[in-house]
Every structure is written in C-alpha cells, then in structure tokens.
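Written below as structure tokens is the structure these notes are about.
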Amino acid sequence: MTNTKSELRAKALAKRDGLSEKKRVAAATKLAKRGLPFKLLPGSIVSGYSPIRSEIDPMPLLRRLAEEGARLALPCVTARGQSLVFRIFHPSDRLMLGPLGIPEPSPAASEVIPDIMLTPLAAFDRLGHRIGYGAGHYDFTFAHLRKAKNIIGIGLAFAVQEIEAVPALSHDVALDYVLTESDVLEFRSSEVAHSLRG
C-alpha cells in the first residue's frame, strides 16, 4: 500500500471540499429521496450526526426516516478511546456544542443504543472499509456496542470520496452499507460488494 491512511484521507477530503454548495445540497436531497436500502422497522432508533466541515448532510434523510417511524439520535463525544454516547433528538431540537465543537443533544436527552448508525467518513472503498478522521470514535463504538446488539453501520458520503483500497487494520470495523448520491453499496451479502446504480 503506497499511500498511508493520512495521505488517502487528505486526498479524499480535498475532493469533498471541492464540491460546490449546489452539488452538496443535491446529493443530500437525493439520499433522502432514495431512503434506506431496506425496510425500516417502526420504532427503530437511527443515529445520524451533525455535519461538520464539508460532510454530506444527513438531516434530510433523518427527517424522512422520522416520518417513516424512526426514533432519531445523535452521537455525543465523551473522551478519546471511549464509545460515543447516543441521545434522542428531534430535527426541531436546539442542539448545544459538545467538547469538540460539534452540535449535540442536551445531556438531559435520553440515552439510547441505536439500531442503525449513519456515520460520516473521509474515504471508503468497495469492501466497506472507511477512513474516519483518525480518533477512532466510530470503530471503538461499533466494537463496543455490537457486543450487546446487532447494529447496522451505514456510511454516508459523496461519490468522490471513494478510493481504491483502504489500508484496514484488525481493529477497523467494516460498514454494512455506504450510500452516496449515485450508489447504494451493500457489503452484507457477499465478500465483494455489489453496486445498485441509483
């Protein structure tokens, strides 16, 4: 592997940063219109994220899922090397800034364990591996929470963030799906993902 994770992350983020506002909004709208690639069970807890920097905005999709009967949650950062905590939220809730400056629900909001985790990422490949931002929050959280519950991990990204191969390590947790504005990539049904053109 010639490129390190940090080099691959930097290249993918530069591509993501280069997208126009119009393309970002259109991509988020397309994700919401398509919805999830499987039937959502009523009352399922879906965690999203508050988009920072140039991340694809999950809020249009979250609003649609709420209309379909999902209960929504957002992650709250506790400390590096510890699992994220998820708290219930509604799209109309006022959020507060967490320790990393990312909007989070109030500490008074109920803590839950999601059934489905929508995760941001810097880069992804066609085997379901993702590159995050280096702190390992999501890998640790998946590993920790999946001991108690089967959680579906779905990466949300722009198509330009796809790379040929992520140099995955043993502690890296593969995603079940990656959704972009142009593809639904599923990694659950076979060793090599297949793509359903959207």
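Values quoted throughout were computed directly from the atomic coordinates according to the rules given, and no laboratory measurement underlies them. Remember, predicted model here, so these are calculated numbers, not experimental data. Here Cβ is always computed from backbone atoms with ideal geometry, including for glycine, and neighbour counts include all displayed protein chains.
Computed over the Cα atoms of segment 24-72, what is the ratio Rg over Rh, Rh following Kirkwood? Over the Cα atoms of segment 24-72, Rg/Rh equals 0.97.
This model, with +1 at the C-beta of Lys and Arg and -1 at the C-beta of Asp and Glu, gives the chain a dipole about its Cα centre of some 240 debye. Only Cα pairs under 8 Å and 6+ residues apart enter the sum, and on that basis the relative contact order of the chain stands at 21 percent. When only alpha carbons of the chain are considered, Rg and Dmax amount to 15.8, 47 Å. Out of all DSSP beta bridges in the chain, what portion is antiparallel? Express it as a percent rounded to 5. Beta bridges within the chain, antiparallel portion: roughly 55 percent. Pairs exceeding 32 Å between alpha-carbon atoms, taken from Lys39/Lys147; Lys11/Lys39; Lys11/Lys33; Lys22/Lys149: Lys11/Lys39; Lys22/Lys149. All C-alpha to C-alpha distances of segment 75-125, sorted into 5 Å bins beginning at zero, yield P(r) values of 4, 18, 26, 27, 16, 6, 2, 0 percent in whole numbers.
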